[in-house]
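*Asks:* Next up is a structure, given as structure tokens.
What follows is calculated from the coordinates using simple rules that are stated; it is not laboratory data. If you're wondering where the values come from, they're calculated on a predicted model, not measured in any experiment. Positions of Cβ are generated from backbone atoms using ideal geometry, with glycine treated the same way; all protein chains shown enter the neighbour counts.
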Amino acid sequence: MSRASRVCTALALVGTVIGAMYGCAVADTSIDGIPGKDGGADARHDSGIGGADTGGNADSNIFPTEDTSPRVDTGGGGGDDTGGGGDDASTGTDTGGGGSLCAASDPSACPGATSIGKVSGDTGGDTVTSTGTDSGWVTVKVSEDDSSLFSSKDLRVQLTLTSPSSENFDLYVYEGKTVKDGGGVECSSVAGSSTNAGTTDVVNLTWSDNHPIGGADDTRTITVEVRAASGVKCDGTSSWTIKVEGNK
């Protein structure tokens with residue numbers, strides 16, 4: 001064999017050995033992007049830049065992506081106005097039922113107040129009543145009927161105001177002068193009052209029976225003011241009742 005032939009043969013053998021070695025190396029090893037010969041579970045696939053890492057941890061993209069999440073505007077402009085445009089539910093103190101506030105008592109109505117009758121202040125047991133739906137004034141005459149020279153019975157009267165359950169009225173009572181002193185209607189000096197928060201107000205009045213020579217008439221006019229308590233509403237249908245009982 002010539003020298004050239006021997007060199008070629010040697011090179012061929014070396015190539016064979018190298019080829020065999022390379023084949024063993026790749027039999028169980030995968031090169032990036034090239035699966036191993038056995039195609040088993042150990043083969044890995046790199047999906048490229050920013051791809052999913054199947055090793056279990058998320059592979060963050062190195063390039064920013066567009067944010068598609070909705071944005072909330074927390075600034076001052078363009079938002080809903082939750083200020084003073086709503087309904088105002090504040091209506092003040094409401095101590096009554098339906099309707100509007102009861103009328104204020106009018107002192108100028110006192111001199112012309114309606115008379116509801118007469119009761120005896122020292123005999124029997126007379127009773128008169130009156131009703132209304134708002135503040136108002138009435139008068140009642142309390143007469144002296146026992147004028148015996150040997151009797152000295154004081155005159156008495158009881159006034160009872162009953163308010164409706166949904167409203168509250170107060171009672172103010174004024175004593176006019178006796179007949180012997182000139183009589184008349186009193187509108188300013190309160191002789192008795194009751195301002196209970198409940199439905200019943202009571203005032204009792206008593207005055208002396210005078211017995212000068214020739215006798216004296218102790219009859220007098222009582223003025224009754226029915227006054228709505230502060231903040232009370234009147235529905236126009238619910239009524240108060242004033243009852244006047246003589247000799248009681």
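*Asks:* Kindly provide the set of residues from region 118-172 that are in contact with a Gly (Cβ under 7 Å, 6 or more places away or on another chain), in a loop (DSSP other than H, G, I, E, B) and hydroxyl-bearing (Ser, Thr, Tyr), ordered by number.
*Replies:* Residues satisfying the conditions are 133, 147, 166.
*Asks:* Out of the residues in region 126-177 meeting the condition of being closer than 19 Å to residue 103 by Cβ and of a type in the set (Phe, Trp, Tyr), tell me which one is nearest to the chain's Cα centre (by Cα).
*Replies:* 169
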